[in-house]
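Undergrad: Dropping the structure in here first, questions after.
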Amino acid sequence: MPYKQLGAYIRSRIAVSDKDLNIILSHFKPVQRDKNDLLLSAGQTSQNSYFVDKGCLRIYYINEEGKDVTRYIAFENQFATALVSFITKMPSTEYIQVIEKSELLYISHEDFNHLMEIVPQWREFYCSYLEKAYVNNTNRLMSFTTMAALERYTQLLKINPAIVKRLPNKIVASYINISQETLSRLKSKVLI
């Protein structure tokens, strides 16, 4: 049952009654998507937030040199959206791509906001989500300016080894802001 995992995830973040949890879950819709599908392209407005029940999504953008840069990777039991666009309702500069065949639950921006009006704990959930996103993004940004490539790679292995184990080198390199060649050298030096 796809909603069981989402329900457990929500309950791990906020205290919520069975009634309110059922209201929250009723606003999510299931969707299955194939590898390489795009859920959002640059220029579109982010209308949905996705919960990964099974599979993997990545959020990336194209830099000024025309290379894609992976900003975020979501595996099972994680949310993903182009957050700036989702919040501001402005066109996104990011893409959301399905990396592995995925089973997702999504909620529209409209339903997300409606939940904040009718289930007070949902606002608490959203605040927790925003805080986590801020901390993750700040830590990643700091790692780019304060850590050498080897340190970023070993930190990734420590914090989220699934990225290295499950994803192609091109995406892993893009995520830690190094070349594929550098990543291959690091992989040969550091055994998983």
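Undergrad: For segment 24-51, what are the residues that are more than 18 Å from E76 (Cα to Cα) and either without any contact (Cβ under 8 Å) to a residue 60 or more places away in the chain or in contact with a His (Cβ under 6 Å, 6 or more places away or on another chain) (or both)?
TA: Result: S26, L40, S41, A42, G43, Q44, T45, Q47.
Undergrad: Assigned to a helix (DSSP H, G or I) and touching a residue at least 60 places away in the same chain (Cβ under 8 Å): does that describe Q121?
TA: yes
Undergrad: When you go through T81, T88 one by one, which is the residue that is exposed (fewer than 15 other Cβ atoms within 10 Å of the Cβ) and of a type outside the set (K, R)?
TA: Going through T81, T88 in turn, the sole match is T88.
Undergrad: Tell me, which helices (runs of 4 or more DSSP H) wholly within segment 140-179 include 1 or more residues that are hydroxyl-bearing (S, T, Y) and closer than 20 Å to E76 by Cα?
TA: Correct list: 169-175.
Undergrad: Which residue pairs have Cβ atoms under 7 Å apart, sit 6 or more places apart or on different chains, and have a first residue in segment 74-88 that is touching a residue at least 40 places away in the same chain (Cβ under 8 Å) and a second that is assigned to a helix (DSSP H, G or I)?
TA: Within 7 Å, the pairs are F75/A162; N77/Q5; N77/Y9; F79/Y129; L83/A133; F86/H109.
Undergrad: For Y134, indicate whether it is aromatic (F, W, Y), at negative phi and surrounded by fewer than 16 Cβ atoms within 10 Å (Cβ to Cβ).
TA: Criteria met by Y134.
Undergrad: Something else now. Any residue at all in segment 58-70 that is open to solvent by 70 Å² or more (accessible area, probe 1.4 Å), of a type in the set (S, T, N, Q) and under 22 Å from A133 (Cβ atoms)?
TA: No, segment 58-70 contains no residue that is open to solvent by 70 Å² or more (accessible area, probe 1.4 Å), of a type in the set (S, T, N, Q) and under 22 Å from A133 (Cβ atoms).
Undergrad: Something else: Looking at segment 1-23, which of its residues are in contact with a helix residue (DSSP H, G or I) (Cβ under 9 Å, 6 or more places away or on another chain) and in contact (Cβ under 8 Å) with a residue 60 or more places away in the chain?
TA: If the condition is that a residue be in contact with a helix residue (DSSP H, G or I) (Cβ under 9 Å, 6 or more places away or on another chain) and in contact (Cβ under 8 Å) with a residue 60 or more places away in the chain, then Y3, L6, I10, R13, I14, A15, V16, D20, I23 are the ones that fit.
Undergrad: In segment 101-126, which residues are buried (at least 17 other Cβ atoms within 10 Å of the Cβ), more than 21 Å from T45 (Cβ to Cβ) and either of a type in the set (V, I, T) or touching a helix residue (DSSP H, G or I) at 6+ places or on another chain (Cβ under 9 Å) (or both)?
TA: Once the filter is applied, which keeps residues that are buried (at least 17 other Cβ atoms within 10 Å of the Cβ), more than 21 Å from T45 (Cβ to Cβ) and either of a type in the set (V, I, T) or touching a helix residue (DSSP H, G or I) at 6+ places or on another chain (Cβ under 9 Å) (or both), segment 101-126 yields V119, Q121, W122, F125.
Undergrad: Right, something else. So is S174 modelled with pLDDT of 90 or more and of a type in the set (S, T, N, Q) or not?
TA: When the stated conditions are applied, S174 passes them.
Undergrad: Sticking with this one: Evaluate the following for S174: is it within 26 Å of S188 (Cα to Cα), among the small types (G, A, S) and touching a residue at least 60 places away in the same chain (Cβ under 8 Å)?
TA: yes
Undergrad: Then there is this: Output the residues belonging to segment 112-163 that are in contact with a strand residue (DSSP E or B) (Cβ under 9 Å, 6 or more places away or on another chain) and among the charged types (D, E, K, R).
TA: R140
Undergrad: Name the residues in segment 1-40 that are open to solvent by 80 Å² or more (accessible area, probe 1.4 Å) and in contact with a Leu (Cβ under 8 Å, 6 or more places away or on another chain), would you?
TA: Within segment 1-40, R11, K29, P30, Q32 meet the criteria.
The values are calculated or read from the model by the stated rules, or taken from the named source; none is laboratory data. This one's a predicted model, so the numbers in the text were calculated from it and none came from an experiment. Quick reminder, even Gly has a Cβ in these numbers, built from the backbone with ideal geometry, and neighbours come from all protein chains shown. Heavy atoms of the whole protein, side chains included, go into the accessibility calculation; ligands, DNA and RNA do not. Shrake-Rupley method; radii C 1.70, N 1.55, O 1.52, S 1.80 Å.
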